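First the structure, in the form of structure tokens, and then the observations on it.
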Amino acid sequence: MPGRGEYYKQKYGGGRGGRGGGRGGRGGLDNHHQESFQESYVSQPSQSDTKPNTSSNAATQDSLVRLLRRIDGQSYNAYKDLYREQSWRFPQFSLHVTRVQSDAFAPPSCFRVYVPAADAKFPRDFSTSQIRRVALADYLHRNFHANCRSNRYDYKEASGGWSGSKGGDISVVQPCQHVMERTAVVVHPNGDVEARFTVGLPARGRTIMGEMASQVLTENVSHMVRETLLYGAYSNESKDEMKQHILSVEDQDSLRAKLKEKGLVAFVCNGATLPRMTGDSDKPLVEAGDDKVVTFQSPKDMEVSFDLPNRKVVGMGIPAGITILVGGGFHGKSTLLNALQIGIYNHIPGDGREFVVTENSAVKIRSEDGRSVQSVDISPFISNLPYGKDTKSFSTTNASGSTSQAANVMEYLEMGCMTLLIDEDTSATNFMMRDERMQMLVSDECEPITPFSYRVRELREAGVSCIIVIGGSGQYFGIADHVLMANSYRYTVVTDKAKDIAKMFEEREKLEPTKKKSKKTNLHWTDRKSKVRVSDERWVADRHGYLRSKDSPELDLSLVEQLVDIGQTKFIGNLFENKLMGKLNETTKNMKDMGEEMDKQMDEKGIDVFNHQQVGTL
């Protein structure tokens, strides 16, 4: 019997192409989203409930096979007949179509499967809390994705140009090193399991390949569900791995919640592997030959322990206040900060950073030359600009390094962030510091910038903590609460020595904020009213952090370093299409209030409340 590719080559002509997807250049969209910005999907009747129809009156698997065979050879538009039934009952699950592509060249069609708890049969204690459900869904998602790839279901027909065969691929969102709530796989409170994916409905030119569509939607999808979304499909070893995955994520979440009671803003577990494999990879560095990976060990002066629901952890606690990371180049300063900046997420077992956590509001601050700034009060850092340009409501489409970093600080303070993470490598030098020699040459009256070093103590007094990597200046020694030195990825406390050096150079007196108050404004931030523009305009995300639409300027989020997954960028694009955002514009007092209300809505209804038409996969 001929293989799948040979069978369809004989039936429809054409041949096999390569793996679908792929990564385009920085300026383009990834292949999975290549499209014109015209409406690319056939419209679907609105759904009042995100839960699919799983009742006994749904059509059956056999009726789906008959439908696809009936439209075999017809024009692509006949795939709209899938909407006549919309859902089909299979043994142990149901299949649902939520959006159908308009032609073979459009983005793929959206499907979901729904497995009732009685068939999924995952242990009840795996889903007794929201964090456990997120962790279980993450584990199932990884297996659902791996099964799709290992069986080559993500390969697509792509041959013969316009008239050749194309499609037939199943695409599952690729997981990352972090465990986040997402819509790719959802475990509901009652134990039901839902998985979402896309399918390139196959065609030759614009002629439907119904036989191939039948195999993809009935045989391939069924195999993926049976192998990954049913508890009974897993071996005893895999079941134990699943349990440990859930308990690890639960403990990380608990650890983060316990930081405040010990006066900490971050924690790094002893034995953590902080270095990554390469600069563009988020996977942990592994031992290679004689080169040993140095795992983290806390300085004794900062060592603390936590009793978590399923284990005890010991490591370095970083207290609230001003913490400075110093050391020579390539010795691990930025490596530690990079681990801390994604410590707002839980991690998969084996990542190496499972118990590296920061408090939830911690943000990475950096300069972003060329970014757009809209009506931000940056006067605490930038004032007295030439020609009287207003900095209390500063706007520009092309910010400099210092003005962009000042805007970033003020925007995050406005949103209630309580921990700022800063690396000198990604900062504007004139924003971070101004030494005595420069003050002697350029007088304060001629310098519009109040350096961050002048303001950091005021931030501390306002309850805002800072963790700062500094390797080129000792100007922060006198104002730091804690100073850590990195040496070959090992860390020691050098606070007392740094303070002695600061006193020697009288840095504390020269940087005292009160001496500047006659010339500079006090630290403050304003609460702006949200002005999110909501429309039917469709936004498309790419893997480089860009959002693009047909009629609006592109949004460049590539330097927002704590966005770690394309699904997050898609979610931001969905907000501009969601009518609930329009209501929040009117009902919330300011941007912080809007953010809190969004969190409340998602806690109560899940992230689908902001997912456009509840069809996207994030």
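The values are calculated or read from the model by the stated rules, or taken from the named source; none is laboratory data. Bear in mind the structure is a predicted one, so any value in this text is a computation, not a measurement. Ideal geometry is used to build each Cβ from the backbone, glycine not excepted, and the neighbour counts take in all protein chains shown. Each accessible area value is taken on the protein alone, full model and side chains, heavy atoms only, with ligands, DNA and RNA left out. Shrake-Rupley method; radii C 1.70, N 1.55, O 1.52, S 1.80 Å.
Here the accessible area of the chain is 48 percent carbon and sulfur, with a 1.4 angstrom probe and all protein chains present. Take the stretch 539-610, drop everything but the C-alpha atoms, weight them equally and run the Debye formula without solvent; then report log10 I(q)/I(0) at 0.11, 0.13, 0.26, 0.27 Å⁻¹ to two decimals. Computed log10 I(q)/I(0) values: -0.30, -0.42, -1.20, -1.21. Approximating the spin labels as points 7 Å out from Cα along Cα→Cβ, the Ser150-to-Lys389 distance works out to 5.7 nm.
Take every Cα pair under 8 Å whose residues are at least 6 apart in sequence, average their separation, divide by the length of the stretch 59-234, and the relative contact order is 29 percent. With the simple model of a label 7 Å out from the Cα in the direction of the Cβ, Thr60 to Asp481 spans 6.8 nm. Given a 1.4 Å probe and the protein chains as shown, Glu411 ends up with an accessible area of around 40 Å².
Using the 1.4 Å probe convention, the accessible area of the chain works out to 45 Å² per residue with neighbouring protein chains retained.
Of the residues Ile344, Leu285, Ile324, the one whose Cα sits farthest towards the positive end of the charge dipole of the stretch 266-368 is Ile324 (charges of +1 on Lys and Arg Cβ, -1 on Asp and Glu Cβ, taken about the Cα centre). In the chain, inverting the average of 1/r over every pair of distinct C-alpha atoms gives 27.0 Å as the Kirkwood radius. Reducing the stretch 284-345 and the stretch 443-495 to their Cα centroids gives an inter-centroid distance of 19 Å.
Take every pair of alpha-carbon atoms less than 8 Å apart whose residues are at least six positions apart; their mean separation over the length of the stretch 187-323 yields a relative contact order of 19 percent.
Taking the helices alone, the chain has a mean residue ellipticity at 222 nm of -8000 deg cm²/dmol, built from -39,500 (n - 2.57) per DSSP H run of at least 4 residues and averaged over all its residues. Note on Ser443 and Ser305: the model spin-label points, each 7 Å out from Cα along the C-beta direction, lie 6.1 nm apart. Listed peptides 301-312, 434-445 appear in the order 301-312, 434-445 once ranked by packing, highest mean of other Cβ atoms within 10 Å at the front. Here Glu461 and Asp551 are evaluated by their C-beta separation; at R0 = 45 Å the FRET efficiency comes out at 0.45. Computed extension length for Ala233-Asp282: 14.6 nm, one decimal, from 0.36 nm per residue of separation with the Cα-Cα distance subtracted.
Taking the C-alpha atoms only, the angle from helix 591-605 to the longest principal axis of the chain is near 40 degrees. When the alpha carbon gyration tensor of the stretch 305-461 is reduced to an equivalent ellipsoid, the three semi-axes, largest first, read 34, 18, 14 Å.
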